[in-house]
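Below is one structure; the comments refer to it alone.
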Amino acid sequence: MSRRVPVLPTILVALVVLAMIGLGIWQYRRALQKEAALAVWQANTRLPATAYPAQNPSDESLLFRHLSANCLRVVGWQTLGGRDAAGQPGWRHIASCATGAEGPGFLVDVGVSLKPDAKVAWTGWPVRGIATHEPDARPWLERFGRHAAPLRLMIVAEAAAPGLRPSAPPDPSSVPNNHRSYMVQWFAFACIAAVIYVLALRKRLREGKPPPGAS
């Protein structure tokens, strides 16, 4: 029977199964990394406020920690859909702040309005709030590239600008961690693929038919 087992199809199926197992292992490692990060972020919510990391604005170790910064002046605005602290939908107003004559500055979510074109009478002042990622405007392909620019930290202000409602505060419990379920799926796919191929091969060999892929 071993002589009749098709070599090339068997190798191809074995490679596919091994690839799916590899993806499952990768998802398991990602799950461990995400769980460790979530533990740090949960601890950050209980730490005292610290200054915005101007020298390293992409420092993810500060996610969900209270940060403070001084917005000397607003140099730009973004408006995105979101929710206020009460869970009501609206439009978030995100200010791009300058902290001096030079430097990267920082972003601050100053609150939510009912209309996207609401005029925000806010020109900057010292702010304090919880750190989250800035809105991700990177192209889809760039997000998965090795050289993708990291996202900067953004402050979600505790006190809203005049005429706005405070935005929903970032919460680490809302960060999805589906890597273990993805791991199980990949392992299940590998098992199913292997079982289906073995059953199909046994059936053909039992019936005396040429194995799949055999000439």
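The values are calculated or read from the model by the stated rules, or taken from the named source; none is laboratory data. Because the structure is predicted, anything quoted here is derived from the model rather than measured. Every residue, glycine as well, gets a Cβ built from its backbone with ideal geometry; the counts of neighbours run over all protein chains shown.
Numbers for the structure displayed
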{"item": "Count of residues meeting criterion [part of a helix (DSSP H, G or I) and more than 29 Å from VAL184 (Cα to Cα)] in the range 8-60", "result": "1"}
{"item": "Hey, ARG165 basic (Lys, Arg), at pLDDT 95 or above and either on the phi < 0 side of the Ramachandran plot or touching a Ser or Thr at 6+ places or on another chain (Cβ under 9 Å) (or both) or not", "result": "yes"}
{"item": "Which numbered condition VAL120 misses (of (1) at pLDDT 95 or above; (2) more than 24 Å from GLN55 (Cα to Cα); (3) surrounded by 13 or more Cβ atoms within 10 Å (Cβ to Cβ))", "result": "(1)"}
{"item": "Condition met for ALA190 (more than 29 Å from GLN88 (Cα to Cα), modelled with pLDDT of 85 or more, of a type in the set (Gly, Ala, Ser) and surrounded by 11 or more Cβ atoms within 10 Å (Cβ to Cβ))", "result": "yes"}
{"item": "Flag if GLY82 is assigned to a strand (DSSP E or B) and either in contact with a strand residue (DSSP E or B) (Cβ under 7 Å, 6 or more places away or on another chain) or assigned by TED's automatic domain parsing to the domain that holds VAL198 (or both)", "result": "yes"}
{"item": "First in the range 155-182 and under 30 Å from LEU32 (Cα atoms), second anywhere and of a type in the set (Ser, Thr, Tyr) and in a loop (DSSP other than H, G, I, E, B), Cβ under 8 Å, 6 or more apart", "result": "ILE155/TYR52; PRO172/THR45"}
